[in-house]
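Colleague: One structure is given below, represented as structure tokens, and several questions about it will come after.
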Amino acid sequence: MLSQAVKDELKNIVGGGRYFDNPEDLLLYSYDAFMVPGLPEAALLPVSTEEVSRIMKVASRERIAVTARGAGTNLAGGSVPTRGGIALVFTKMNRILEISKENRIAVLQPGVINMEFQKELTKQGLYYPPDPGSMAVSTIGGNVAENAGGPRAVKYGVTRDYLLGLEVVLASGEILRTGGKTLKNVTGYNLTQLFCGSEGTLGLITEITVKLIPLPETKRTLQAAYQNLGDAGRTVSKVFEIGILPVALEIMDKVSINIVEDYMHLGLPREAEALLLIEVDGPEAAVAGQSERLTQLCREMGAHEVNVARTLAENDEIWKARRSVYGAGARLRPTAIAEDCTVPVGNLVAMFQEVSRIAEKYQLPIPIVAHAGDGNLHPMILTDSSDAEEMKRVVQAMDEISIKALELGGTLTGEHGIGIAKREMMPFELGEAAMEITRNIKKVFDPLHIVNPDKVVRIV
């Protein structure tokens, strides 16, 4: 428990308007997009690295758990304060500090919203490709902590591919700078990449430097409907075989198609077993040629319906179906759990089939969408977390999905992270030697185990 003296000390650091310990306020910071809550004892909203450093010095001295938090969109329980303590909320540190067209870099505070950053870059003809599904609300700091991906990862990669440098406050309160503003930097160990994807367990990110690229001239999206899921899966491999590298390549299964159509009334083909979305970008002439070739390919591979966007507005209309899946599913049951696993692209259809089998086995509705171009599936388990009997089946289904992904040569998570959700599954993928190294890295940066404890790896 935080003593009154410690509470007063913390309040003095940030001021009364950015310190909260009333139960109704703390409830707002007790959960994220996973199903396990945890109530903090105090919530602090810093506005500077210096404030974060002072807070961590108090936390280190008093051995208080600190959980960093952005928009709270984490899907694996990563921003839940499982041991009470302090919820350190970075939404007030939301300034874009620098955009340099000459150097092709930007410097941001962690609370900047991904989509707002992208809108600002568009004005200057610049581009930051990582686009997690939550980009309209998720923060850049959270994206770095999770090494967020998204549909555009097929062509452009994920957050780590654009990360150049960080400012981090360590558990002790010491301020660390890694990397820098240059595109090439091989001085010493790559600590920048170590923090990326560490899920807030090694330190608190207070400043981020990313590289930028030119904004593509145009883009075009195709929507192809298939009566056979296997044909859609084989099309994915053929796209690369004909020499086209798409921006995004997504699949929706029949359950997802009909859930979205029930909700949005977009005119989706309800009879289709799979819907394939393919987006290409670049110079107008190249994009036009690629979209024609892809239309031909989809028809050759069995698509019975192919729609091609002719304008940016039509592009957005096609993507509306894919981006509506979570919301459409969540309205059907009280709890929607967005699962995450990745398999080699050649095993994508097999994994779809395994998830369908698991859904039938445990009598659970599990619509599936996937970033097909990189084999990253998102089965969504629709359930009711207040139904204890059903939740037993949900946990079994989640574990079985993870194990099947590993058996098919895949990984537990492609972009959502480990957090609480898959912590106990990690040894199945990594093995004991890697787990011991992971625990030792955690101890080096956080010997008291106060920075986002219980996430990724448990240290007793």
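The values are calculated or read from the model by the stated rules, or taken from the named source; none is laboratory data. Because the structure is predicted, anything quoted here is derived from the model rather than measured. A quick note on method: Cβ atoms are made from the backbone with ideal geometry, for glycine too, and the neighbour counts reach across all protein chains shown. To get the accessible areas, we keep the full protein, side chains included, count just its heavy atoms, and leave off ligands, DNA and RNA. Shrake-Rupley method; radii C 1.70, N 1.55, O 1.52, S 1.80 Å.
Colleague: For the pair Ser385 and Asn228, what calculated FRET efficiency results from E = 1/(1 + (r/R0)^6), where r is the Cβ-Cβ distance and R0 = 35 Å, to the nearest 0.05?
Modeller: For R0 = 35 Å, the calculated efficiency reads 0.50.
Colleague: Moving on to the next point. What is the ratio of the Cα radius of gyration of region 1-98 to 2.2 N^0.38 Å, with N the residue count, to two decimals?
Modeller: 1.02
Colleague: Further, regarding this structure: Scan region 199-276 for GluC sites (Glu not before Pro) in coil per DSSP, keeping those whose Cβ has at most 15 other Cβ atoms within 10 Å, and list them by number.
Modeller: Listed in order of number, the matching sites are Glu217, Glu271.
Colleague: Right, next: To the nearest 10 degrees, how steep is helix 426-445 against the longest Cα principal axis of the chain, on a 0 to 90 scale?
Modeller: With rounding to tens, the tilt is 30 degrees.
Colleague: Still on this model: Would you please give the FRET efficiency between Ala285 and Thr187, computed as 1/(1 + (r/R0)^6) with r the Cβ-Cβ distance and R0 = 35 Å, to the nearest 0.05?
Modeller: It comes out at approximately 0.25.
Colleague: Based on the alpha-carbon gyration tensor of region 290-427 and its eigenvalue square roots a ≥ b ≥ c, which shape applies: rounded if a/c is under 1.5, prolate if not and a/b is larger than b/c, or oblate?
Modeller: Prolate, since a/c reaches 1.5 and a/b exceeds b/c.
Colleague: Still on this structure, I have one more. Mind listing which trypsin sites (Lys or Arg not before Pro) in region 123-186 are in a DSSP loop and have 10 or fewer other Cβ atoms within 10 Å?
Modeller: Sparse-neighbourhood loop trypsin sites (Lys or Arg not before Pro): Lys123, Lys184.
Colleague: Calculate the radius of gyration of the Cα atoms of region 182-237 to one decimal place, then report Dmax, the largest Cα-Cα distance, as a whole number, both in Å.
Modeller: Spelled out, the Cα radius of gyration and Dmax of region 182-237 are 20.1, 53 Å.
Colleague: Pick out, in residue order, every one of the GluC sites (Glu not before Pro) in region 374-460 that is DSSP loop and has at most 14 other C-beta atoms within 10 Å; say none if there are none.
Modeller: Sites meeting the loop and neighbour criteria: none at all.
Colleague: Which angle from 0 to 90°, rounded to the nearest 10, does the C-alpha axis of helix 4-14 make with the longest principal axis of the chain?
Modeller: Compared with the principal axis, the helix lies near 60 degrees.
Colleague: Which percent of Cα-Cα pairs in region 140-257 sits in each 5 Å bin, short to long?
Modeller: Going out from 0 Å in 5 Å bins, region 140-257 shows 2, 9, 16, 17, 13, 11, 11, 9, 7, 4, 1, 0 percent.
Colleague: Between Ser237 and Lys92, what is the label-to-label distance in nm when each label sits 7 Å out along the Cα-to-Cβ direction?
Modeller: 5.5
Colleague: Run down the aspartates and glutamates and flag those whose C-alpha is under 17 Å from the C-alpha of Lys11, throwing out any fewer than 8 positions away in its chain.
Modeller: Partners within reach: Asp21, Asp25, Glu41, Glu50, Glu51, Glu62.
Colleague: Hey, another quick one. For the pairs Lys57/Lys184; Lys119/Lys254; Lys57/Lys442; Lys155/Lys442; Lys361/Lys404; Lys211/Lys455, flag any whose C-alpha to C-alpha distance is greater than 22 Å.
Modeller: Values: Lys57/Lys184 34 Å; Lys119/Lys254 33 Å; Lys57/Lys442 18 Å; Lys155/Lys442 32 Å; Lys361/Lys404 14 Å; Lys211/Lys455 29 Å.
Flagged as over cut-off: Lys57/Lys184; Lys119/Lys254; Lys155/Lys442; Lys211/Lys455.
Colleague: State in Å² the accessible area per residue of region 1-57; use a 1.4 Å probe, count heavy atoms of protein chains only, and round to the nearest integer.
Modeller: Ligands and nucleic acids excluded, the result is 49 Å² per residue.
Colleague: Further question: So for the pair Arg439, Ala136, with labels modelled 7 Å out along Cα→Cβ, what separation do we get in nm?
Modeller: According to this spin-label approximation, the distance is 4.4 nm.
Colleague: Rg and Dmax of region 65-157, Cα atoms, in Å?
Modeller: Rg and Dmax of region 65-157, Cα atoms, are 14.1, 45 Å.
Colleague: No solvent, one uniform scatterer per C-alpha: report log10 I(q)/I(0) for the chain via the Debye equation at q = 0.09, 0.11, 0.12, 0.13 1/Å, two decimals.
Modeller: -0.61, -0.91, -1.07, -1.23
Colleague: So, one more: Relative contact order for the chain using alpha-carbon pairs under 8 Å, separation at least 6, rounded to a whole percent?
Modeller: Result for the chain is 15 percent.
Colleague: Could you pull the accessible area for Val395 with a 1.4 Å probe, rounded to 10 Å²?
Modeller: 70
Colleague: Could you check how many percent of all C-alpha pairs in region 303-370 are farther apart than 21 Å?
Modeller: Percentage above 21 Å: 44.
Colleague: Can you compute the helix-only [θ] at 222 nm over the chain? Use -39500 (n - 2.57) per DSSP H run of at least 4 residues, normalise by all residues, nearest 500 deg cm²/dmol.
Modeller: That calculation yields -11000 deg cm²/dmol at 222 nm.
Colleague: Separate question: At a 1.4 Å probe radius, carbon and sulfur cover how many percent of the accessible area of the chain?
Modeller: Exposed carbon and sulfur together represent 52 percent of the surface.
Colleague: Same structure again: Tell me, what HN-Hα J-couplings in whole Hz come from the Karplus equation 6.51 cos²θ - 1.76 cosθ + 1.60 at θ = phi - 60° for each residue of region 37-49, using x for Gly and Pro?
Modeller: Going residue by residue, I get x, x, 7, x, 8, 7, 10, 10, 10, x, 10, 8, 4 Hz, with x marking Gly and Pro.
Colleague: Can you give the FRET efficiency for Glu217 and Lys119, using 1/(1 + (r/R0)^6), R0 = 22 Å, r = Cβ-Cβ distance, to the nearest 0.05?
Modeller: The calculated FRET efficiency here is 0.75.
Colleague: Using the heavy atoms of the protein chains and a 1.4 angstrom probe, tell me the accessible area per residue for region 158-204 in square angstrom. It would help to have the intermediate numbers written out before the result.
Modeller: Details: 2330 Å² over 47 residues.
In whole numbers, region 158-204 has 50 Å² accessible per residue.
Colleague: Can you pull the one-decimal nm distance between simple spin-label points at Val36 and Leu448, each 7 Å off the Cα toward Cβ?
Modeller: For Val36 paired with Leu448, the spin-label model returns 2.4 nm.
Colleague: With every protein chain left in place, what is the accessible area of Asp32 in Å² (1.4 Å probe, nearest 10)?
Modeller: 10
Colleague: So for region 1-159: antiparallel DSSP bridges make up what percent, rounded to the nearest 5?
Modeller: The antiparallel proportion sits near 50 percent.
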